[in-house]
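Undergrad: Sharing a structure below in structure tokens format, with a few things to ask.
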Amino acid sequence: MADFGNDSGLWTARLVGASAGAAVSLIYLLPKSRREAACRFFTGLACGLVFGGPAGLWIAVRLGIASYLGPVEVLLTGSAAASLSAWWGLGVLARAAERMKQ
């Protein structure tokens, strides 16, 4: 199950999961400008693509469902979770820094 090679289906799952996580992060915490929206989306996309495999595997093992899931489900879930989590951490820090600056 941990064999996340260069299969195009796995890359598609990563991309779809990362895009979904980035889109959800934009919906939950609305951006103040187009620039912020673009930065948040691409940050989420990059983090979802990079950390999707480890995050998905960690979630599946933690929930005890790793033996029931295939690589596509693990990557899709992990990419969405990593993408969504990336902006929440960065967004909170960015807004706190902006308030301190004022």
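What follows is calculated from the coordinates using simple rules that are stated; it is not laboratory data. This one's a predicted model, so the numbers in the text were calculated from it and none came from an experiment. When we count neighbours, we look across all protein chains shown, and the Cβ atoms used for this are built from the backbone with ideal geometry, even at glycine.
Undergrad: Considering only the other residues whose Cβ falls under 13 Å of the Cβ of Leu29, what net charge follows from Lys and Arg at +1 and Asp and Glu at -1? Intermediate results must be reported in sequence, preceding the final value.
TA: Numbers: positive: Lys32, Arg40, Arg95; negative: Glu36.
Every neighbour counted, the sum reads +2.
Undergrad: Which is farthest toward the positive dipole end of region 8-101 among Ala23, Ala97, Ser8, measuring Cα position about the Cα centre, with Cβ charges +1 (Lys, Arg) and -1 (Asp, Glu)?
TA: Going by the charge dipole, the pick is Ala97.
Undergrad: GNM, the chain, Cα, under 10 Å: largest mean-square fluctuation among Ala37, Ala18, Ala46?
TA: Looking only at Ala37, Ala18, Ala46, the biggest GNM fluctuation is shown by Ala37.
Undergrad: Is the shape of region 8-101 rounded, prolate or oblate, going by the alpha carbon gyration tensor and its root eigenvalues a ≥ b ≥ c, with a/c under 1.5 for rounded and a/b larger than b/c for prolate? Write down the numbers at each step before the final one.
TA: Working: a/c = 3.12, a/b = 1.99, b/c = 1.57.
Judged from the Cα gyration tensor, region 8-101 comes out prolate (a/c at least 1.5, a/b above b/c).
Undergrad: Of the trypsin sites (Lys or Arg not before Pro) in region 1-68, which ones lie in a loop per DSSP and count no more than 11 other C-beta atoms within 10 Å? Mind dumping the intermediate values first?
TA: Details: sites: Arg14, Lys32, Arg34, Arg35, Arg40, Arg62; in loops: Lys32.
Passing both the DSSP loop test and the Cβ count: Lys32.
Undergrad: How long is the gain from Ile65 to Asn6 if the chain were fully straight, where each residue apart is worth 0.36 nm and the alpha carbon distance is subtracted?
TA: Details: separation 59, 0.36 × 59 = 21.24 nm, distance 2.38 nm.
Between Ile65 and Asn6, full extension yields 18.9 nm more.
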